[in-house]
Amino acid sequence: MSILVNKNSRVVVQGITGSEGTFHATQMLEYGTQIVAGVTPGKGGQSAIDGKVPVFNSVEEAKNETDANVSIIFVPPPFAAEAIIEASDAGMELVVCITEGVPVQDMVKAKRIIDQNNTRLVGPNCPGIITVDECKLGIMPGFICQKGNVGVVSKSGTLTYEAIGQLGNVGLGQTTAIGIGGDPIIGTTMIDVLELFENDPETKGVVMIGEIGGQMENDAARWAKANMSKPIIGFIAGQTAPPGRRMGHAGAIVSGGDDTAEAKMRILTENGIAVCESVADIGEKMKIALNN
Amino acid sequence: MKIHEFQGKNLFKSYGIPIQDGYVIEHIDEAADTISKVQKEFNSKAVLVKAQIHAGGRGKGGGVKYSPTAEEALANVKNILGMNLVTHQTGTEGQKVRKVYITEAFDIKNEYYCAITLDRAKTKDVFMVSTEGGVEIEKVAAETPEKIIKVWIDPLVGMKSYQARKLAFGLELTGVAFKTAVKVFMNLYQCYQGTDASLVEINPLILSEDGRIIALDSKFNFDDNALYRHPDIAKLRDKNEEDPTEVKASEFDLNYIKLDGNVGCMVNGAGLAMATMDIIKLAGGDPANFLDVGGAASAGSVKNGFKIILSDANVKAILINIFGGIVRCDRVANGVIQAVKELGLKVPVVVRLEGTNAKEAKTILSESEFAIIPADDMKDAAQKVVNAALKD
């Protein structure tokens, strides 16, 4: 078991003929991900990755021809939100958007469509998802992961790798690791991922990594207190981030002020999450939690 | 991206929002003519002299002066233009005033607060108004939240007039002023959406003694990711208002924020960069900066990052923390050596490389002719760099 993706996931890569798309599609194939199709409008009928992957003009066509059920997006920012909508309208069950720099207004619209269509979106501006030894749907280095029973959810890319590396150092492997992205508007939230991990029998504990800004970690902590039976180790980046480098008055009013690292660490602790003050403690704390 | 008050007001004007109008000058010799032009054109004997800097708190800092006569206005321009304006947002060093906005003056009956931004949790825009304009709105929000009236707008549907009416009723407006306010609110939402703003704020929006609704100030934050479709707005960027090192970093495509400490750090990825700053603090040091060289750090970006960090004279030691995923650590190590060769090893450099080819990278660094300090993990790296910074 694992969450969101596994060895049966049939992946279509949107933007496969671009340099990012080609590079990461190759890496994903090497990891063992089943990439069944690529999409680049105007290049339908060609093939990519040394002839290994057929290219289609649209996601709909790719789905009809290959039964793809999952999409990963590497298209440039001005077209990324539309790529999400296209994947959702074509009936993809899961869409992962790696692209960084998508305008917020575009994402607001895309989010509405995926909610209507009941599509699960991860990202944008995220490293993607990896289910160890089964499916890598993203840009993370696969070799740092090892099979195990810890779930990882994070807003940040390289901080996810750091956590995985530390888990490895104390002999802990992962079920699935997910970077949900740190943009103002994202598809899958921390609560969504916690719920998936709670329902996954293989996952015994969860590492949750957040950062300053927004309320998502706080909401997740409150949800976890009421609904989670598995131990959670939390870390919030940005304790030393300069104040005032956030959006002006209006932003502060919306968040109610609980969006600093200090406030989030307090709220996580109050809700029974073991919070690491130092990022270097994540591995050890998880080990202790699992032994209890 | 932020812009000046006068630029924001010009945007308001183009969206049909009535403003307190005026002209901007950059040289003192334009002052007398401009003052009399404002007096005549807007039929206002008294004028306001307003320093144009991006930071807030200009009035309290002495950068906004009501001037009943042309003589007083001229004296105020002389004082403000070129002054170093210190507000609670500029830091102690202040910000040099390069532009002064001379505007018409109004007799104010009421002051209101008015803002639109995104409510992330609801995935809708929130439009807020309050009768408590002109003062610290954060205080109002904390102490008397009922005095802030909010409506949530679905960006796909746009603002509906009943929502604008709710806001105007909330401000207890009546008659012509009510009708004008409804129109102003509708237009302001158009402006917010049309410019891809992430925040637009009017504080204060006023009801004048003669019954008009007027924007006395403007504040915008724009979504940097959407600027590509607004070349006219991108042109309004004023690099004088930004830290020169941060401007330089942005030219290198690096994300850099200068801080007050003396431990420089260079990291790939924003989250890991913040976590690195945090662990430096925990180890007893003070981070000199936030620097994210991008998830996929390259030899080139490492070299540029080095240049940026070294341009800060406070830096006593540097920590390079790269988690190599797709990027290979041996390449980063070579980039570090290349940078040191070119720029010199002026301060101790601690390097922690983890991930792909980390072992090879360590060998490259230890066999180099430079005394680069290798570190095993983040804790070790933080301790070593703080020790190095304290030694000096």
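Key figures
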| item | result |
| --- | --- |
| Verdict on B:LEU205 being buried (at least 17 other Cβ atoms within 10 Å of the Cβ) and more than 11 Å from chain A (Cβ to nearest Cβ) | yes |
| Cross-chain or 6+ apart pairs with Cβ under 8 Å, segment A:93-106 first and at the interface with chain B (Cβ under 7 Å from one of its Cβ atoms), then among the hydroxyl-bearing types (Ser, Thr, Tyr) and open to solvent by 20 Å² or more (accessible area, probe 1.4 Å) | A:VAL104/B:SER198 |
| Matching residues in segment A:79-92 - criterion: being open to solvent by 10 Å² or more (accessible area, probe 1.4 Å), in contact with a strand residue (DSSP E or B) (Cβ under 9 Å, 6 or more places away or on another chain) and assigned to a loop (DSSP other than H, G, I, E, B) | A:ALA90 |
| Segment B:24-58, subset in contact with a helix residue (DSSP H, G or I) (Cβ under 7 Å, 6 or more places away or on another chain) and within 20 Å of B:PHE220 (Cβ to Cβ), residue farthest from the other protein chains (Cβ to nearest Cβ) | B:VAL24 |
| Out of B:SER36, B:SER14, B:SER44, sole residue that is over 26 Å from the mean Cα position of the chain (by Cα) and within 30 Å of B:VAL182 (Cα to Cα) | B:SER44 |
| Among the residues listed as B:LYS96, B:LYS78, B:LYS2, B:LYS50, the single one being surrounded by fewer than 20 Cβ atoms within 10 Å (Cβ to Cβ) and without any contact (Cβ under 8 Å) to a residue 60 or more places away in the chain | B:LYS78 |
| Residue identified as closer than 30 Å to B:GLY285 by Cβ, within 11 Å of chain B (Cβ to nearest Cβ) and not in a strand (DSSP E or B) among A:GLY210, A:GLY214 | A:GLY214 |
| Test result for B:MET186, among the aliphatic types (A, V, I, L, M), open to solvent by 50 Å² or more (accessible area, probe 1.4 Å), on the phi < 0 side of the Ramachandran plot and out of contact with any Pro (no Cβ under 8 Å at 6 or more places or on another chain) | yes |
| Among (1) touching a residue at least 24 places away in the same chain (Cβ under 8 Å); (2) of a type outside the set (Gly, Ala, Ser); (3) within 12 Å of chain A (Cβ to nearest Cβ); (4) in contact with a helix residue (DSSP H, G or I) (Cβ under 6 Å, 6 or more places away or on another chain) - the single one B:LEU167 does not satisfy | (3) |
| Residue satisfying condition, being buried (at least 19 other Cβ atoms within 10 Å of the Cβ) and modelled with pLDDT of 85 or more, within set A:GLU202, A:GLU211 | A:GLU211 |
| B:ASP253 vs. criteria open to solvent by 30 Å² or more (accessible area, probe 1.4 Å), touching a strand residue (DSSP E or B) at 6+ places or on another chain (Cβ under 9 Å), part of a loop (DSSP other than H, G, I, E, B) and within 14 Å of chain A (Cβ to nearest Cβ) | no |
| Condition met for B:GLY211 (part of a loop (DSSP other than H, G, I, E, B), within 13 Å of chain A (Cβ to nearest Cβ), closer than 27 Å to B:LEU48 by Cα and not aromatic (Phe, Trp, Tyr)) | no |
| Test: residue in segment A:62-69 that is open to solvent by 50 Å² or more (accessible area, probe 1.4 Å) and either in contact with a Phe, Trp or Tyr (Cβ under 8 Å, 6 or more places away or on another chain) or among the β-branched types (Val, Ile, Thr) (or both) | yes |
| Residue ID - modelled with the lowest pLDDT, chosen from residues in segment B:105-126 that are within 30 Å of A:THR189 (Cα to Cα) and either open to solvent by 50 Å² or more (accessible area, probe 1.4 Å) or over 21 Å from the mean Cα position of the chain (by Cα) (or both) | B:ALA121 |
| Of the criteria (1) part of a helix (DSSP H, G or I); (2) surrounded by 22 or more Cβ atoms within 10 Å (Cβ to Cβ); (3) at pLDDT 95 or above, which one A:GLY187 fails | (1) |
| From the options A:PRO54, A:PRO76, residue that is more than 14 Å from every other protein chain (Cβ to nearest Cβ) and open to solvent by 40 Å² or more (accessible area, probe 1.4 Å) | A:PRO54 |
| Within segment B:127-164, tally of residues that are part of a strand (DSSP E or B), open to solvent by less than 10 Å² (accessible area, probe 1.4 Å) and either facing chain A (nearest Cβ under 9 Å) or of a type in the set (D, E, K, R) (or both) | 1 |
| Looking only at segment B:212-226, and only at residues there that are touching a residue at least 12 places away in the same chain (Cβ under 8 Å) and open to solvent by 30 Å² or more (accessible area, probe 1.4 Å), the one that is nearest to B:LYS179 (Cα to Cα) | B:ARG212 |
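The values are calculated or read from the model by the stated rules, or taken from the named source; none is laboratory data. Only a predicted model underlies this, so the values are computations on that prediction, with no experimental measurement involved. Neighbour counts are summed over all protein chains in view; Cβ atoms, including those assigned to glycine, are modelled from backbone coordinates with ideal geometry. Note: areas computed on protein heavy atoms with side chains; ligands, DNA, RNA excluded. Shrake-Rupley method; radii C 1.70, N 1.55, O 1.52, S 1.80 Å.
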